[in-house]
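Encoded as structure tokens, the structure appears first; notes follow it.
The values are calculated or read from the model by the stated rules, or taken from the named source; none is laboratory data. Values in this document were obtained by computation on a predicted structure and should not be read as measured data. Backbone-built Cβ (ideal geometry, glycine too); neighbour counts: all protein chains shown. These area figures cover heavy atoms from the full protein model, side chains too; ligands, DNA and RNA do not enter into them. Shrake-Rupley method; radii C 1.70, N 1.55, O 1.52, S 1.80 Å.
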Amino acid sequence: MAPIRFGIISHETMGERTRQALTNHPDAVIVATCNLGPASGAAVEIADWQTLLSRDDLDAIFIATPNAIAPAIIIAALGKGLHVFCQHLPGYNLEDVINVRRAEAAATGKILKFSFGHRYHGAVMKARELAESGTLGSLLSMRGTYGKAGRGADQGRWENTFDLSGGGILMDRGIHMIDLMHMFAGPFEEIKAMVDERFWTGAGVEDNAMALLRTNSGVMAMLHASATQWRETFRLELGFETGYLWLDGVLTADMRCAPEMLIIGRLQYDEHGEPIANPEEEIHEFKADESVDLEIADFISTLQTGRKLQVGTSQQAFDAINTSQRLYAADPTYLHKSQEGGHGDD
């Protein structure tokens, strides 16, 4: 089977781990790159992404650019008959996502995948397996916190610039927690939220967002995305009828939220049939982060087999951005300078 021929369009050092995963995969070959920042040092470096897309020796494009830049590239690549793997979101508002999905619908037979890398982490995959097995009963509630120790020297990075990202910490860390909550419980019907730019002022984007959410089936959730979480934290607590799953920590390149653990608690009962508090726990620690390699392998396998894409679909991207936009809109006091063009319950 011939290898999948990739072109890479990236911004500065974004996407380096994925680039390495492509290099390591036996069924992938990087043909050409276009870096919107410093040159990548690749054998074939194209000056602009439009020229790269005009090549006739490509099968797929990997895109690692800020949210605001990605939609035009995705739409153009699909129009050229190329498969697309995009590391970040398909834009920063619903209009971007809708335009991308229209292009996807018109590109018959082409695969469009977005990176929801947290779904490929060992603890998350194990938790999903247990949740879907039904051994803990139905899901009742979720509580998720994803925070980092501020912005500091990163204040001017694209993730903290509304015109490039579409928001602050919610679009940076919070969007991944939203996606995981969707994975376990489905999209939310009801949202109440508070959003604020209070400590890291001057960038014009929020540094904290808190929300209460409820699905149509009644699963309730709490979400906190924070840029003032001085002890960097990733935790998703899932409460079921007969136990709980806690995802505590996540392995990343900087290891700031390590270690990565899955804590499993199964209810025990006293002689009267009442639940005993603080049941014995089963703790699994995951030592290696294989999420990027697994995600790339999944994309390449999807292209080779023609099977239906399961993770990173445009529908999942739409759901995540839709929830984030509704969360912004749910706080009438958050009068963002760019809300008129970006945030809203469309």
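Of all the listed residues (ALA64, ALA60), the sole one being among the small types (Gly, Ala, Ser) and over 15 Å from LEU303 (Cα atoms) is ALA64.
Only one of the listed residues (ARG55, ARG17) is open to solvent by 60 Å² or more (accessible area, probe 1.4 Å), in a loop (DSSP other than H, G, I, E, B), of a type in the set (Lys, Arg) and farther than 25 Å from GLN325 by Cα. That residue is ARG55.
A quick yes/no check of all residues on (1) open to solvent by 70 Å² or more (accessible area, probe 1.4 Å); (2) more than 25 Å from MET171 (Cβ to Cβ):
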residue	(1), (2)
ILE4	no, yes
ILE9	no, no
THR23	yes, yes
ILE30	no, yes
ASN67	no, no
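Scanning segment 207-220 for residues that are more than 13 Å from MET181 (Cα to Cα) and either outside any strand (DSSP E or B) or free of Cβ contacts under 8 Å to residues at least 40 places away in the same chain (or both) returns ASP207, ASN208, MET210, ASN216, SER217, GLY218. Filtered by the rule that a residue be in contact (Cβ under 8 Å) with a residue 12 or more places away in the chain, within 19 Å of PRO259 (Cβ to Cβ) and open to solvent by 30 Å² or more (accessible area, probe 1.4 Å), segment 118-138 gives a lone residue, LYS126.
Filter segment 107-143 for residues that are in a loop (DSSP other than H, G, I, E, B), under 21 Å from ILE300 (Cα atoms) and not charged (D, E, K, R) and give the result. The answer is ALA107, THR108, GLY109, ILE111, SER115, PHE116, HIS121.
For segment 177-201, a residue qualifies if it is of a type in the set (D, E, K, R) and either crowded, with 22+ Cβ neighbours inside 10 Å or in a helix (DSSP H, G or I) (or both), and exactly one does: ASP179. When THR228, THR242 are checked against the criterion of being β-branched (Val, Ile, Thr) and touching a Phe, Trp or Tyr at 6+ places or on another chain (Cβ under 8 Å), a single residue qualifies: THR228. Of the residues making up segment 263-298, those that are open to solvent by 80 Å² or more (accessible area, probe 1.4 Å) and among the hydroxyl-bearing types (Ser, Thr, Tyr) number 1. What are the residues in segment 299-330 that are surrounded by fewer than 17 Cβ atoms within 10 Å (Cβ to Cβ) and either in a helix (DSSP H, G or I) or at negative phi (or both), if any? Correct list: SER301, GLN304, THR305, ARG307, LYS308, GLN310, GLN315.
You will find that of GLY167, GLY204, GLY174, the residue that is part of a loop (DSSP other than H, G, I, E, B) and buried (at least 24 other Cβ atoms within 10 Å of the Cβ) is GLY167 and no other.
So that you can scan it fast, the table gives a plain yes or no per residue for (1) open to solvent by 10 Å² or more (accessible area, probe 1.4 Å); (2) in a loop (DSSP other than H, G, I, E, B); (3) touching a residue at least 40 places away in the same chain (Cβ under 8 Å); (4) not aliphatic (A, V, I, L, M):
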residue	(1), (2), (3), (4)
ALA72	yes, no, no, no
ALA76	yes, no, no, no
ASN99	yes, no, no, yes
ALA105	yes, no, no, no
THR145	yes, no, yes, yes
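Among all residue pairs at least 6 apart or on different chains, which show Cβ distances below 7 Å where the first residue, located in segment 296-309, is closer than 15 Å to ASP27 by Cβ and in contact (Cβ under 8 Å) with a residue 12 or more places away in the chain and the second is among the aliphatic types (A, V, I, L, M) and not in a loop (DSSP other than H, G, I, E, B)? What qualifies is ILE296/ALA21; ILE296/LEU22; ILE300/ILE4; ILE300/ALA28; LEU303/ILE4; LEU303/ALA60.
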